[in-house]
Amino acid sequence: MKPRKSISRRQFIKSASVAALGTTVFLSGQETAVPVKSGRSRVVLVRNLDVLDENGNPRYAVVEEMLDTGIKALTGMPDPQSAWKTIIKPDDIVGIKNNRWPYLRTTAEVENAIKKRMIEAGVKEANISVDDLGVLQNPVFQKATALINARPMRSHHWSGVGSLIKNYIMFIPEPFTIHPDSCADLASIWNLPVVKGKTRLNVLVMFTPQFHSFGPHSFNPKYVWKYHGLMLGFDPVAVDSTGLRIIEAIRREYFAEERPLNPPAKHIAIADSKYHLGTADPQKIELIKIGYDKESFV
Amino acid sequence: MPENINVFYQLLPDTIAGWKKADPPDLYTPGNLSTYIDGGAELYISYNFKNALSMKYTDSADNEIAVDIFDMGSAPDAFGVFAHSRETIDDRFGQGSEYAAGLLTFWKDRYYVSILAYPETAEKRDIVFRLGRTIADGIKSEGALPPIIALLPAENLLPETVRYFHHYIWLNSFYFVSNENVLNLGNDTPAALGKYRQDGAVFFLLVVRYPDAARAEAAGRQFRQKLLDGAEDGMRPTEEGRWTGLQSRGDMVSIVFNAPDASTIRAIFAKIKA
């Protein structure tokens, strides 16, 4: 036997990414494209052990500080206000696409911190909405000129992981139609007019990612890892790819053996190789790590 | 044993330590389980799930404790679902249980039970245990383990790793073999997998029983052709220097994965008492 195990998956991701050359990130609705250093997609990982209180709930002040640190590093601007102004205009209508899965939410702390900075950037509060399941019916999302995509990463029975790419599944009327073949074509949703070119920022919440799914609600507290992280990027594939590497490493750490995700999170590599939404290749990702660095796994 | 799963609702107290039982409970069937378990219903359905009763307890701050009782139709399938994620041996509840960070799961007879209070607190943990005890006591009979797991030789077996299933996708959850169903696993092919530790080496033994010898032989032949390069003796070293071995005997197929050498495989095959 030639057990392929994780090796085959790594090889698959590697080969799938070969087709994707250096990615230039276009900020939709902006006049100019933001150049990415050396043709690589920038991903910022901020970690802070104080982000969770003794009960495991996020502390707002720390979340806000992490978000500020991340957006500054991502944009290269000196303060969060000027950083947000590079991606949001006062006349934007902004939908914050969250994820409200009850056991692992985007969290109100992340949503409110984003909202606060956008208001400071001049966006009217009435032109900002946070939604998940109701985005197609939400008037703000229907008129949105800009989207902020924010969700936690978790293992998922259909797609390997619930990812930033997958977070737009609620923008199609019948989400189950994208389920075949481990949700391989999730990135196709990003080409629909309702979202195409509107995403200004992707925020992957890695406070307590879920690395294995089990239980009546696909949730088991023992498979939640306190990672204390927040990841930001313009390229959703690059952020997801980095998040996936973390999830896979946590699985190796926890199970003390190779235990590939089942099903594989192939939609991330396919978002790169087939849909050219971004890059999944770590060699083409500029990862900036800030803060606590023990067991970062990347 | 309750004849009807709804009996559990009457069995549980209306209030417990200030937490109130919400009513009415929800009843789920294979047809609508996915509306309750987004993305995870397939696990239960693949183990022949019959129906589930879902109840909630809430406190004054609207915190929630979720009680879910699954009628799996048979004790082997209830054990199969329970053992799917078991990592420890704990018999405090039912015929086997596990508690971690706010989630209690156990099985007894044909029922698989889950009580979730997350995030965990000491107060909630106490309530979870009391509810679990009430449910376990309410199930008067015990069920038999899947017969096939008795075929796993006990020596060097890590008991908490024993899995039972009859869908190939779950084999991949425990030990990735192939994205194809190369062993033609299905509802009529009970399978057991266990992890062994011997002299510092860790390896896995899979045993599958088919309805007849012809199907076992066909499955074994396909596995040899697709994953063992057609090895006549069923033994093959892997690219990582480990060994995989297959034995097809009568209506059974046995496979060892990740063994340190071929002699280890032959030795464990010799201990299988089919």
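The values are calculated or read from the model by the stated rules, or taken from the named source; none is laboratory data. These numbers were taken from a predicted model, which means no experiment stands behind them. Note that we place each Cβ from the backbone using ideal geometry, even for glycine, and neighbour counts take in every protein chain shown.
Just a few scattered comments:
- Listed by first and then second residue, the pairs with beta-carbon distance under 8 Å, at least 6 apart or on different chains, first residue in the range A:259-271 and more than 9 Å from chain B (Cβ to nearest Cβ), second basic (K, R), are A:L261/A:R251; A:H267/A:K166.
- Residues in the range A:91-103 that are of a type outside the set (S, T, Y), within 12 Å of chain B (Cβ to nearest Cβ) and surrounded by fewer than 22 Cβ atoms within 10 Å (Cβ to Cβ): A:R100, A:W101, A:P102.
- Leading residue by the ranking (farthest from B:N184 (Cα to Cα)) among those in the range B:224-247 that are part of a loop (DSSP other than H, G, I, E, B) and more than 9 Å from chain A (Cβ to nearest Cβ): B:G241
- Boolean, B:K50 is in contact with a strand residue (DSSP E or B) (Cβ under 8 Å, 6 or more places away or on another chain) and farther than 29 Å from B:P190 by Cβ: no
- Output for the range B:91-110, where each listed residue is farther than 17 Å from B:F70 by Cα and either within 13 Å of chain A (Cβ to nearest Cβ) or hydrophobic (A, V, I, L, M, F, W, C) (or both): B:Y99, B:A100, B:A101, B:G102
- Residue match in the range A:130-152 (condition: among the acidic types (D, E) and loosely packed, with under 15 Cβ neighbours inside 10 Å): no
- Residue in the range B:161-170 that is assigned to a helix (DSSP H, G or I), of a type in the set (F, W, Y) and either within 16 Å of B:A78 (Cα to Cα) or in the same structural domain as B:D14 (by TED's automatic domain parsing) (or both) present: yes
- When residues of the range A:67-90 are limited to those that are buried (at least 20 other Cβ atoms within 10 Å of the Cβ) and assigned to a loop (DSSP other than H, G, I, E, B), the one farthest from the chain's Cα centre (by Cα): A:I88
- If you filter the range B:10-45 down to residues that are away from chain A (no Cβ under 14 Å) and of a type in the set (D, E), you find that the one that is farthest from A:P102 (Cα to Cα) is B:D14.
- Looking across B:A201, B:A219, B:A191, one residue alone is buried (at least 21 other Cβ atoms within 10 Å of the Cβ), of a type outside the set (D, E) and over 18 Å from B:I149 (Cα atoms). It is B:A219.
- Flag for A:D181 being out of contact with any Pro (no Cβ under 6 Å at 6 or more places or on another chain), within 14 Å of chain B (Cβ to nearest Cβ) and farther than 25 Å from B:S173 by Cβ: no
- Residue in the range A:243-258 that is within 13 Å of chain B (Cβ to nearest Cβ), under 30 Å from B:L33 (Cα atoms), assigned to a loop (DSSP other than H, G, I, E, B) and touching a helix residue (DSSP H, G or I) at 6+ places or on another chain (Cβ under 6 Å) present: no
- Note on the range B:12-54: residues that are of a type in the set (A, V, I, L, M), assigned to a loop (DSSP other than H, G, I, E, B) and over 17 Å from B:Y111 (Cα atoms) amount to 3.
- Residue in the range B:111-131 that is surrounded by the most Cβ atoms within 10 Å (Cβ to Cβ), counting only those that are away from chain A (no Cβ under 14 Å) and either touching a strand residue (DSSP E or B) at 6+ places or on another chain (Cβ under 6 Å) or of a type in the set (F, W, Y) (or both): B:L131
- Restricting the range A:185-239 to residues that are of a type in the set (G, A, S), more than 15 Å from the chain's Cα centre (by Cα) and modelled with pLDDT of 95 or more, the residue that is farthest from A:I88 (Cα to Cα) is A:S188.
- Of all residues in the range B:146-180, those that are surrounded by 17 or more Cβ atoms within 10 Å (Cβ to Cβ) and either of a type in the set (D, E, K, R) or closer than 26 Å to B:G40 by Cα (or both) total 20.
- Residues in the range B:55-83 that are of a type outside the set (A, V, I, L, M, F, W, C) and surrounded by 20 or more Cβ atoms within 10 Å (Cβ to Cβ) were compared, and the one that is farthest from the other protein chains (Cβ to nearest Cβ) is B:P76.
Table: residues versus (1) over 20 Å from the mean Cα position of the chain (by Cα); (2) touching a residue at least 40 places away in the same chain (Cβ under 8 Å); (3) over 26 Å from B:A144 (Cβ atoms); (4) surrounded by 22 or more Cβ atoms within 10 Å (Cβ to Cβ).
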position	(1), (2), (3), (4)
B:D26	yes, no, yes, no
B:Y36	yes, no, yes, no
B:Y47	no, yes, no, yes
B:N51	no, yes, no, no
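- Close contacts from the range B:129-150, counting a first residue that is assigned to a helix (DSSP H, G or I) and a second that is loosely packed, with under 13 Cβ neighbours inside 10 Å and among the small types (G, A, S), with Cβ to Cβ under 9 Å and a gap of 6+ residues or different chains, come to B:R130/B:A17.
- Contacts under 6 angstrom Cβ, first residue in the range B:109-122 being closer than 16 Å to B:A83 by Cα, partner at pLDDT below 90 and not small (G, A, S), 6 or more apart: B:D109/B:M1; B:S114/A:P216
- Number of the condition not met by A:N112 [criteria: (1) at pLDDT below 95; (2) of a type outside the set (K, R); (3) part of a helix (DSSP H, G or I)]: (1)
- Condition check for B:A201: in contact (Cβ under 8 Å) with a residue 24 or more places away in the chain, out of contact with any helix residue (DSSP H, G or I) (no Cβ under 6 Å at 6 or more places or on another chain) and small (G, A, S): yes
- The test for being over 18 Å from B:I148 (Cα atoms) and small (G, A, S) holds for B:G234.
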